[in-house]
Each structure stands twice: as structure tokens, then as C-alpha cells.
1. Take the range 63-121 and flag every residue that is under 22 Å from W7 (Cβ atoms) and among the polar types (S, T, N, Q).
2. Give me the residue from the range 89-123 that is surrounded by fewer than 13 Cβ atoms within 10 Å (Cβ to Cβ) and more than 24 Å from T145 (Cα to Cα) and, out of that set, modelled with the lowest pLDDT.
3. Looking at (1) open to solvent by less than 60 Å² (accessible area, probe 1.4 Å); (2) part of a helix (DSSP H, G or I); (3) modelled with pLDDT of 95 or more, which one does L244 not meet, given that it meets all the others?
4. Is it the case that A148 is modelled with pLDDT of 95 or more and farther than 19 Å from A197 by Cβ?
5. D196 - would you say it is in contact (Cβ under 8 Å) with a residue 12 or more places away in the chain, within 19 Å of L22 (Cβ to Cβ) and in a loop (DSSP other than H, G, I, E, B)?
6. Tally the residues that are closer than 17 Å to E248 by Cα and modelled with pLDDT under 95, restricting the search to the range 7-40.
7. Take the residues in the range 153-188 that are open to solvent by less than 50 Å² (accessible area, probe 1.4 Å) and farther than 25 Å from R37 by Cα, then tell me which one is nearest to the chain's Cα centre (by Cα).
Amino acid sequence: MPDVTWWGHSTCTIEDRGVRVLTDPLFCSRLGHLRRRRGPLPDNRSRRADLAVVSHLHADHLDLASLAALPRDVPVAVPRGALRAVPGLRRLRDRELIEVAPGDTVGVGDLVVEVVPAEHDGRRWPWSRRRAPALGYVVSGESRTYFAGDTGSSAVVREAVGRCDIALLPVGGWGPTLGPGHLDAARAASFLAELDAYHAVPVHFGTMWPVGLELVRPGRFHRPGSEFVRQVARRGLACSARELQPGETAQFDLPERAAE
């Protein structure tokens, strides 16, 4: 039975067939002007992984200190071009870094991790000329679990993902507004309706928040997860949506088709 642990922001552990895939590791209490405002720091369990995957180059998804905190035997999949675009990754050459692009697959234990596109800015910083593709990942074992990274909705993304059983979808951000290439709670629910998933977990909200903005539109920080659950119910989707607390694990029962 697959399970998902949400550590906050976009950091999740997907465990399937006894194999752990860690997404967008972010273990810090502070990142530039952002502070962790909800939940404890991820504990040592979050470092236990057989593979880590990075969705794109933005610092809240590709955090060099968090990657360095992983055991050296944990391989890390990063977008193709990341080693050139983010020179700091060269300090992690003591571990296996696998550059991937949409259409690639990575095998880990009894799982296959498929690389899919995402509709999002692929630059490290807004002023950067170097970029790498923004990605999502589909972890296939007993279930097909889709980790979207950061993405907007598009036909290209939907077609690449195909059917999934569990969807980990971004529903917010870390500021009072969301720019292009993001999903809010309502758009994420609409995107979920097209994925034919059995279960969904909202991520990328309610963890990191800019200093001094606690009182500016606090609903953007606190509410996206519960609003996503409400939007899924409002649409009458044949899919359960569950908001997790940081560090919480959910197990998912799946119908027979997951074994096909």
C-alpha cells in the first residue's frame, strides 16, 4: 500500500514497494527572505530516501544545503542543464547527480520514475540567462503517483502525465500573489478533474512565508490546502482530497487498476 509524507512546501516522501522517493528537499528554517512559519523542521526520517528528485531550479525547490544534507548514497535527479545553470551543484559531485528531461525514466528498486514536463519558469533567478526545463515526476510501482513540482495547467502536461492514482498538486506559493506557471486551489481542482486520480494531496503552501508579510492577506498562507479540499468536493470529483500537516503520513487504498 503506497503512502505519502508531506514535510512542508514541496517536500514529500513517496513510499511504494518499500522504496522511498523524496521530492524537492527543503529542510531549512530560513531561505533568503523566507521563514518556515508552520510545522517543525523535517526530522531525520525525511533524509531516508532511495532517490531524490528536483523539479526545477528555483531556490525553494533546488536548495543546495538541503541536498548536501542527504546521505551521499542517495542519487539526485535534476533538470537537464542544472549543473551548468547552478554552479553550486558541482560541490555535490561526491554523489550521483542525474540530469533528466521530459520523456526520460529513472529506475530505483522496483519503481520506475517517469519525467514529465511542467508549465513553469525554468530559470534559477528572474534575471538569469541560464535555465533548465521545469519538470514533474510520475512514480510507478503499486500506484502511479504524480508529483507536479510547480506547474500551470496545460494540455501538454496532462497528456504527458496520463492516468495517475495519487496526485501531489501545488495549490499556493510563498507570497500574497501567484504569478504565471502556478496553480491556486481552484485551478488545481480543475486540473485534478482531468487526471482521473483516486487521491490528491495539496502541497506548496502554508510553510515558507516572507518576513514581515504575516499580516498581509494571511489567507494566501493558511487556506489553500483546505480550500483545495473544498473545491474538489464542490466539483463532485470521484477523488478524495486530503490536507496533511507537516510531517504527517497518509496511506492510500487503491482499486485493482493500480496493479495493471
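1. The answer is S66, and nothing else.
2. In this case the residue turns out to be R93.
3. (2)
4. Criteria not met by A148.
5. no
6. Looking only at that region, the number is 5.
7. I166
The values are calculated or read from the model by the stated rules, or taken from the named source; none is laboratory data. In this text, all values refer to a predicted model and were calculated from it rather than measured experimentally. Ideal geometry is used to build each Cβ from the backbone, glycine not excepted, and the neighbour counts take in all protein chains shown. These accessible areas exclude ligands, DNA and RNA; they are computed on the full protein's heavy atoms, side chains included. Shrake-Rupley method; radii C 1.70, N 1.55, O 1.52, S 1.80 Å.
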